[in-house]
Amino acid sequence: MDKLKQRIVEEGVVVSNQVLKLDGLLNHQVDPQLTMEMGKEFAKRFRDAGVTRVVTVESSGISVAFATAYELGVPLLFARRKKTLLAEPDMLCERVPSFTKGIVTDILISREFISADDKILFIDDIIANGDAARGLIKIIERSGAELVGVGIVVEKSFQPGGKAIRDQGIRLETLAQIESLEGGKITFAD
Ligand code: 5GP
């Protein structure tokens with residue numbers, strides 16, 4: 001998505017060879033117009049997949065997941081993050097390391113809002129090592145629902161998350177693929 005790539009170049013801050021700060025458009029401030037366009041693009045790509053629910057993980061995935069769910073006319077469900085887990089039998093839970101915070105959190109989804117009849121589209125902001133996606137995919141599997149695809153705004157393709165998902169045979173669509181952040185420069189794969 002050219003407009004997104006242009007904004008990444010203009011506003012992205014390369015923090016290290018591994019981390020790109022996108023606070024101006026994704027992780028702190030949200031641009032409603034650009035976000036709705038990203039939602040339209042994901043909805044276009046997954047329109048034929050019979051999606052019944054869009055799922056994301058709080059908090060940075062919510063805006064684009066909302067836009068996608070709006071375009072597809074289905075509910076948006078966001079997994080909650082918690083640091084500790086008390087026994088919650090009604091919740092499906094997975095423990096995932098956080099790439100940016102360096103801590104481990106539990107992500108939880110209530111069984112009330114996901115069932116074996118669902119066809120799920122998982123949407124998220126950025127994929128790095130793929131831990132958040134892996135956790136969410138496990139939760140979807142345990143719910144009995146079908147995962148019809150994954151849509152990620154920014155794939156850092158020099159990290160292994162995106163490839164790992166594709167290698168599982170899961171359809172992964174991304175709007176911008178970053179090949180490298182070496183030398184403080186953002187280089188796109190496409
Ligand atoms: P993963 O679980 O794939 O390793 O990391 C995914 C999550 O970590 C994303 O949802 C995102 O919020 C955060 N993250 C990973 N890499 C970056 C990055 O380079 N910049 C920012 N701002 N967040 C990142």
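Read-outs throughout are calculated quantities, based only on the coordinates presented, and are distinct from any laboratory measurement. In this text the structure is predicted, and so the values were computed from the model without any measurement. With ideal geometry, Cβ positions are generated from the backbone for all residues, glycine too; neighbour counts draw on all protein chains shown.
DSSP bridge analysis restricted to the chain gives an antiparallel fraction near 40%, rounded to the nearest 5. The overall shape of the range 116-190, judged from the alpha-carbon gyration tensor, is prolate: a/c is not under 1.5, and a/b is greater than b/c.
Ellipticity at 222 nm from helices only: DSSP H runs of n ≥ 4 in the chain, each -39500 (n - 2.57), divided by the residue count, give -9000 deg cm²/dmol. In a reduced charge model with +1 at each Lys and Arg Cβ and -1 at each Asp and Glu Cβ, the chain shows a dipole moment near 240 debye about its Cα centre. A convex hull fitted around the alpha carbon atoms of the range 26-127 yields 99 Å³ per residue.
Label-to-label distance, Lys185 versus Val30, with points set 7 angstrom from Cα along the beta-carbon direction: 3.5 nm. Note on the range 2-188: dipole from Cβ charges, positive end direction compared against Val57, Gly162, Phe122; the farthest Cα belongs to Gly162.
Cα-based values for the range 2-188, radius of gyration first and Dmax second, are 15.8, 48 Å. Legend: calculated FRET efficiency, Lys119 to Val13, from the Cβ-Cβ distance at R0 = 41 Å, rounded to 0.05, equals 0.65. On the basis of the beta-carbon distance and an R0 of 35 Å, Lys40 and Lys101 show a calculated FRET efficiency of 0.70. For the range 25-126, relative contact order (Cα pairs under 8 Å, six or more residues apart, normalised by length) works out to 31 percent. Distance between the pseudo-spin-label points of Lys3 and Glu146 (7 Å out from Cα toward the beta carbon): 3.2 nm. Note on the chain: lysine pairs with Cα distance below 21 Å, sequence gap of 8 or more or different chains, count 24. Each of Asp124, Asp131 was scored by other Cβ atoms within 10 Å of its Cβ. Arranged with the fewest first, they read Asp131, Asp124.
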